Amino acid sequence: METAELQDKIFAFCEAAKGKKKLKEKDIIKGVSAELSLEADVVKKAMRGMIDVGRLMYSYGGGASSVEIPSEEYLREKGMIP
Amino acid sequence: MAIPQRKTDIGPPKYDQFLPPAIKKNYGKWKYHEVITPGTMVHVGESGDKLWTVRVASPRLLSTATIREHCDIAEKFCDGFFRYTTRNNVEFMVADESKLEPLKKELTDRGFKMGGIGNAISNVVHTQGWVHCHSACTDASGLVKAMMDELMPYFESKPLPNKVRLAVACCVNMCGAVHCSDIAVVAVHTKVPEIKHELFKNMCELPTVIGSCPTRAISPDPANKSVKINAEKCMYCGNCFTVCPPISIKDADRDGVAILVGGKVNSLRSNPKFSKLVIPYISNEPPRWPKAVAAIKHIVDVYAANARKHERVGEWIDRIGWERFFSLTGIDFTFQSIDDFTFMRDTMRTASTFKW
Amino acid sequence: MKKYSTPLIDELEKGPWPSFVTEMKKAAKTNEMSNDAVGHLEKCYATKVGYWKHGGIVGVLGYGGGVIGRYSELGDEFPGVAHFHTVRINQPSGFYYTSAAMKEICDIWDKYGSGLTNVHGSTGDLVLLGTKTDALENIFAEYSSRGWDLGGSGSALRTPSCCLGPSRCEWSNYDTLDLCYALTQEFQDEIHRPMFSYKFKIKMSGCACDCVASIARADMSIIGTWKGDIRIDQAEVANYAKKGMDINAEIIGMCPTQCMSYDGKEIKINNAECNRCMHCITKMTKALRPGTERGATICIGSKAPIVVGSLLSWVIVPFIKVEEPYTEVKDLIRKIWEWWDDNAKPRERIGEVIEMKGMRSFLEGIGQEPIPQQIKEPRKDPFMFYTEEDMVGFKAKEAEEKKTGKYKF
Ligand code: HEM
Ligand code: HEM
Ligand code: HEM
Ligand code: HEM
Ligand code: HEM
Ligand code: SF4
Ligand code: SF4
Ligand code: SF4
Ligand code: SF4
């Protein structure tokens with residue numbers, strides 16, 4: 001699978017959980033690699049690529065961290081959108 | 001000026017570039033050390049080299065101006081090398097004895113206080129308090145300052161049976177490493193939080209708030225579109241406020257501090273020990289917390305007068321018994337000192353061999 | 001710049017101990033944010049409550065930690081602290097600096113932040129207190145391009161820290177500074193990109209004095225120890241006696257295992273019975289030194305009391321060699337994380353998971369045999385599990401006994 005396509009799947013996975021469950025990195029890696037029968041490392045790399053460019057972001061609450069789709073405010077702050 | 005290109009995952013700089021030459025040369029080959037005064041010690045290497053260390057008090061919260069002053073002193077006497085300790089003191093090291101007295105004189109002239117080495121009271125481990133934390137029941141830095149002003153003789157010169165390690169945590173989360181201290185101050189809320197139900201719906205996520213409570217005291221309140229708190233379970237930790245601002249726990253009149261004693265982390269003679277609660281509540285009295293400070297001073301003085309040489313506070317109490325600790329200090333014994341949480345079965349007495 | 005009247009906190013400029021209020025005012029002279037922090041603090045003292053809000057999500061791109069969001073409820077009244085985020089800079093092992101490096105750190109912080117710091121925070125990081133969200137990327141670029149990285153926060157490996165060990169302490173049983181540096185470098189990904197169920201702390205002390213309090217505040221405590229005999233210099237023992245030390249009372253009588261004796265001339269130690277508590281060594285620094293076969297004890301699980309009570313770390317591996325390239329230690333850490341990852345619910349520290357799943361599951365998970373050095377005392381109740389393999393083992397042992405005619409308990 002192309003990285004871009006995989007990343008779209010990961011994004012969809014996160015979008016589906018939005019507001020319902022705080023996803024840890026591991027939840028995404030496990031969930032997506034099971035769904036698509038892919039190596040965990042491949043998913044991890046694709047996900048990290050998304051975090052590096054602000055398509056996903058690390059979030060924090062309850063003393064524990066999670067991965068989320070960034071808010072517009074965050075993207076603006078990082079100069080990703082005007 | 002242009003912003004340089006960032007790098008990631010580089011970690012900290014390697015420590016060896018910051019080690020003074022005398023340390024590099026004798027690294028791992030030190031033979032022994034001697035405490036000369038509470039502010040000075042000397043380490044002697046197998047090579048016969050000597051390294052004098054001067055320890056200086058710091059409030060931990062430092063302005064860059066003061067850090068630059070540390071740098072200037074290091075440049076003048078220590079070839080630019082210096083370090084901080086795990087209890088946030090500053091240390092200047094010289095390998096040439098002739099620099100020691102001029103260094104100490106300069107420190108004195110600049111108003112720095114030297115001490116804390118050996119059987120002394122060193123700096124107080126503490127947390128952020130009102131200076132920088134949302135959860136604080138009190139101000140840690142202020143309490144520390146007021147305590148240390150009073151205990152200064154034990155930092156600078158007056159010997160004790162052994163070290164007395166002090167710590168302050170500004171709420172029961174205890175971010176600062178104090179639970180195993182000879183004397184610990186922990187600030188407490190004492191009241192079940194109040195909830196502004198009308199604001200709850202817009203500002204808080206129900207599952208998050210319920211999940212935030214460590215004692216599971218929070219349940220949904222559908223009628224108010226909010227939550228309710230079971231007062232019997234709540235132990236005022238403030239986590240719910242943390243995730244939901246309309247829940248308020250701060251109370252200027254009732255927030256206060258508790259005092260715990262007898263902890264240690266090392267294994268010398270006896271195993272590490274937790275600190276145990278002896279004074280459940282003293283009102284929050286900024287700016288100088290006179291009663292809390294007096295209580296700590298009193299406990300230190302009773303320990304100094306009664307403990308044997310080399311006994312830490314907890315070891316002294318283990319020898320004389322807690323009933324004797326309470327009678328010697330005159331501290332009122334309260335229900336709060338009886339564990340009604342996880343450790344009751346281990347902490348009640350199960351024999352008739354106590355002292356009157 | 002607005003001038004605040006601060007009669008209450010001014011009281012904390014009096015007295016001999018160095019004053020944090022003086023520090024804040026020093027920074028406030030040239031820095032608007034610090035100036036407002038001074039006014040903000042005076043208000044806390046006047047009303048006896050705090051006004052900080054729990055943080056929002058702030059950080060630098062690609063990292064999941066190292067910056068802690070902090071906002072004030074009173075942002076309108078004190079605009080300089082409306083944003084007042086913390087930046088954690090990973091300290092060098094042992095907290096050694098040169099003035100040149102430290103001045104560079106200060107220059108950058110004066111340019112982008114409040115000029116206020118904690119040297120150091122309780123985690124070990126060099127803590128920069130108070131900056132605005134839009135400065136964060138620049139701050140990171142400035143520091144990282146000069147060789148400084150951020151520390152950990154959130155569900156990550158927190159910045160490892162150590163005592164000064166061999167650099168200036170004769171008792172260190174392994175190179176704490178180098179192990180700390182090596183682990184920090186090895187696990188950069190785990191520090192910056194939170195992938196655990198909760199936080200994980202590693203602290204390293206060179207001996208049982210435990211100057212970084214690792215036994216009480218690290219999920220993994222690596223505490224130096226030795227095997228073999230305490231080295232004795234009898235001439236120095238005589239010197240201590242000559243200088244007036246009551247060796248019988250202060251040393252022999254306080255030895256917890258009663259394994260020492262002193263005949264008025266020489267100290268003898270029954271080293272087999274010594275539990276290496278360090279008492280005698282720390283009191284007779286010139287006469288007694290640790291043995292020479294050195295390594296560390298690894299303990300697991302300490303955490304603060306939130307909420308079912310605090311834990312001290314439990315002995316898991318009584319002795320491990322700590323030598324470059326530290327493969328054994330690194331492999332053990334990875335195994336521990338793997339077991340934790342497989343068994344933890346969100347926000348469970350490793351000590352809590354071990355309590356839930358049982359020590360046996362943990363020890364088996366990381367491949368450690370049960371040995372008496374791990375416990376204070378055996379269990380008191382008879383409510384235990386027997387696996388099929390255990391029974392096969394017990395029966396096989398008895399079959400063996402029948403053959404040899406000798407019991408083996
Ligand atoms: C369920 C609710 C929450 C609980 C039980 C909780 C618990 C904790 C704990 C245990 C810590 C210390 C651990 C650590 O250092 O990471 C902490 C720190 C912190 N929390 Fe929370 N938290 C909660 C929600 C939040 C939320 C909603 C935010 C922000 C939006 C937040 C922001 C922070 C910050 C900024 C710190 C200091 C960060 C750090 O130490 O790295 N917390 N919290
Ligand atoms: C007699 C035994 C001890 C000796 C010789 C000793 C030696 C040292 C040395 C060399 C340091 C500097 C290390 C550093 O800053 O990283 C130090 C610091 C420290 N030690 Fe120990 N230690 C002893 C016992 C203890 C005990 C019993 C405790 C705690 C219960 C303890 C806690 C600390 C702490 C917290 C620091 C930071 C020091 C400061 O800033 O004052 N030490 N100790
Ligand atoms: C629900 C519980 C907790 C909350 C909400 C909490 C929150 C926080 C916050 C907001 C800070 C940052 C203070 C600042 O610099 O602005 C902090 C710092 C810290 N926390 Fe906690 N904390 C919690 C529990 C703990 C626990 C259980 C520990 C460890 C046992 C811990 C260890 C620390 C440490 C080491 C720091 C750095 C403190 C310093 O250097 O002063 N926290 N915590
Ligand atoms: C006055 C009461 C106490 C205070 C102020 C206090 C404070 C603290 C603080 C600030 C830390 C975090 C240190 C760090 O990570 O840098 C800590 C950790 C810890 N405390 Fe306490 N504590 C107290 C009582 C206790 C008690 C009664 C126990 C046990 C019975 C205990 C056990 C622990 C343990 C095991 C840790 C490990 C830290 C971690 O989670 O990283 N504490 N304590
Ligand atoms: C599964 C666990 C246990 C069982 C099945 C059990 C059973 C018994 C039985 C059958 C007796 C004799 C009663 C009699 O003489 O009428 C007894 C006596 C006793 N048990 Fe237990 N017991 C258990 C655990 C314990 C424990 C944990 C303790 C204390 C920590 C304990 C303390 C005693 C004492 C003090 C006596 C009286 C002994 C005497 O009179 O000499 N038992 N137990
Ligand atoms: S102990 Fe409480 S008030 Fe103090 S810094 Fe930690 S969470 Fe904040
Ligand atoms: S203060 Fe703590 S114990 Fe009380 S309801 Fe809130 S979260 Fe629960
Ligand atoms: S823990 Fe031991 S080795 Fe490390 S500085 Fe303290 S006394 Fe020395
Ligand atoms: S180290 Fe402790 S147990 Fe060993 S001989 Fe010395 S005092 Fe005794």
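Listed values, structure above:
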item: Segment B:163-221 - convex hull of alpha carbons, volume per residue in Å³; result: 106 Å³
item: Theoretical FRET efficiency, 1/(1+(r/R0)^6), r = Cβ-Cβ of C:LYS321 and C:GLU273, R0 25 Å, to 0.05; result: 0.60
item: Chymotrypsin sites (Phe, Trp or Tyr not before Pro) within segment B:238-326: DSSP coil, no more than 10 neighbouring Cβ in 10 Å; result: none
item: With Cα atoms, 0 to 90° folded angle of helix A:40-52 axis to chain A main axis; result: 20 degrees
item: Residue-averaged [θ]222 nm for chain C, counting only DSSP H segments that reach four residues, each worth -39500 (n - 2.57); result: -10000 deg cm²/dmol
item: Residue-level accessible surface for B:TRP52, protein heavy atoms, 1.4 Å, Å²; result: 20 Å²
item: Area accessible to solvent at B:GLU150, 1.4 Å probe radius, in Å²; result: 90 Å²
item: Model label zone, B:GLU46; criterion: amide N under 17 Å from point 7 Å along Cα-to-beta-carbon; scope segment C:256-299; result: C:286-295
item: Sites C:GLU364 and C:ALA399, calculated FRET efficiency, Cβ-Cβ separation with R0 25 Å, nearest 0.05; result: 0.55
item: Local electrostatic count, B:GLY80, Cβ distance below 13 Å [Lys/Arg +1, Asp/Glu -1]; result: 0
item: Value of Rg to Rh for segment B:194-248 (Rh from inverse mean 1/r over Cα pairs, i.e. Kirkwood); result: 0.90
item: Selected from B:PRO159, C:THR292, C:LEU61, residue furthest toward positive end of dipole (the protein assembly as shown; charges at beta carbon); result: B:PRO159
item: A:THR3 - accessible surface, heavy atoms, 1.4 Å probe, Å² rounded to 10; result: 80 Å²
item: Around C:ALA82: net Lys/Arg minus Asp/Glu count, Cβ-Cβ under 11 Å; result: -1
item: Inter-chain shielding of C:209-220 (mean C-beta neighbours from other protein chains, 10 Å cut-off); result: 5
item: Fraction of the pair-distance distribution of segment B:51-142 above 21 Å, Cα-Cα pairs, percent; result: 36 percent
item: Dimensionless Rg ratio for segment C:231-289, taking C-alpha atoms and the 2.2 N^0.38 Å reference; result: 0.99
item: Rounded percent of accessible protein surface that carbon and sulfur make up, segment B:194-248, 1.4 Å probe; result: 53 percent
item: Scaled radius of gyration (Cα, divided by 2.2 N^0.38 Å) that segment A:3-77 gives; result: 1.04
item: Within-15-Å neighbourhood charge of C:VAL322 [Cβ basis; K, R +1; D, E -1]; result: -3
item: Prolate/oblate/rounded call for segment C:262-409, Cα gyration tensor, a/c under 1.5 rounded; result: oblate
item: Segment A:17-82 versus segment C:216-232: alpha-carbon centroid distance in Å; result: 41 Å
item: Heavy-atom accessible area ranking, 1.4 Å probe, most first, across B:ARG324, B:ARG254; result: B:ARG254, B:ARG324
item: Using alpha-carbon coordinates, inclination of helix C:99-112 to the longest axis of chain C, degrees; result: 50 degrees
item: Two-site label geometry, B:LYS158 and C:LYS3: point separation in nm, points 7 Å out along Cα→Cβ; result: 4.0 nm
item: Sequence-separation-based contact order of segment A:3-77, relative, with Cα cut under 8 Å and 6+ spacing, percent; result: 31 percent
item: Accessible area in the full protein assembly, largest first, 1.4 Å probe, for C:HIS85, B:HIS298; result: B:HIS298, C:HIS85
item: Accessible surface of segment C:7-145 [probe 1.4 Å, protein heavy atoms]: carbon and sulfur percent; result: 54 percent
item: Full-stretch length increase - B:ASP79, B:HIS197 - with 0.36 nm per residue and alpha-carbon distance subtracted; result: 36.3 nm
item: 222 nm mean residue ellipticity, helices alone, for chain B (DSSP H n ≥ 4; -39,500 (n - 2.57); rounded to 500); result: -8500 deg cm²/dmol
item: Between segment B:257-282 and segment C:242-308, the alpha-carbon center distance in angstrom; result: 22 Å
item: Residues of segment C:67-92 with amide N under 11 Å of a point placed 7 Å along Cα→Cβ from C:LYS111; result: none
item: Extension gain from B:ARG324 to B:MET348, taking 0.36 nm per residue of separation minus the Cα-Cα distance; result: 7.1 nm
item: Relative counts (whole %) of C-alpha pair distances in chain C, using bins that are 10 Å wide; result: 4, 17, 22, 22, 18, 11, 4, 1, 0, 0
item: Alpha-carbon centroids, segment C:336-407 and segment C:85-140: separation in whole Å; result: 45 Å
item: Exposure ranking of B:VAL188, C:VAL87 by accessible area [1.4 Å probe, largest first]; result: B:VAL188, C:VAL87
item: Efficiency of FRET between B:THR108 and A:GLU39 - r from beta-carbon atoms, R0 60 angstrom, step 0.05; result: 0.40
item: Cα gyration tensor category, rounded, prolate or oblate, for the protein assembly as shown with a/c compared to 1.5; result: rounded
item: Cα gyration tensor category, rounded, prolate or oblate, for segment C:7-145 with a/c compared to 1.5; result: oblate
item: GNM flexibility winner over chain C from C:LYS25, C:LYS242, C:LYS201 (Cα, springs under 10 Å); result: C:LYS242
item: GNM result for chain B, Cα springs below 10 Å: residue of B:GLY45, B:GLY262, B:GLY129 fluctuating most strongly; result: B:GLY45
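The values are calculated or read from the model by the stated rules, or taken from the named source; none is laboratory data. Since the structure is predicted, the reported quantities are computational estimates derived from the model, not experimental observations. Don't worry about glycine lacking a Cβ; one is built from the backbone with ideal geometry, like all the others, and counts go over all protein chains shown. Accessible surface areas use protein heavy atoms only, side chains included; no ligands, DNA or RNA. Shrake-Rupley method; radii C 1.70, N 1.55, O 1.52, S 1.80 Å.
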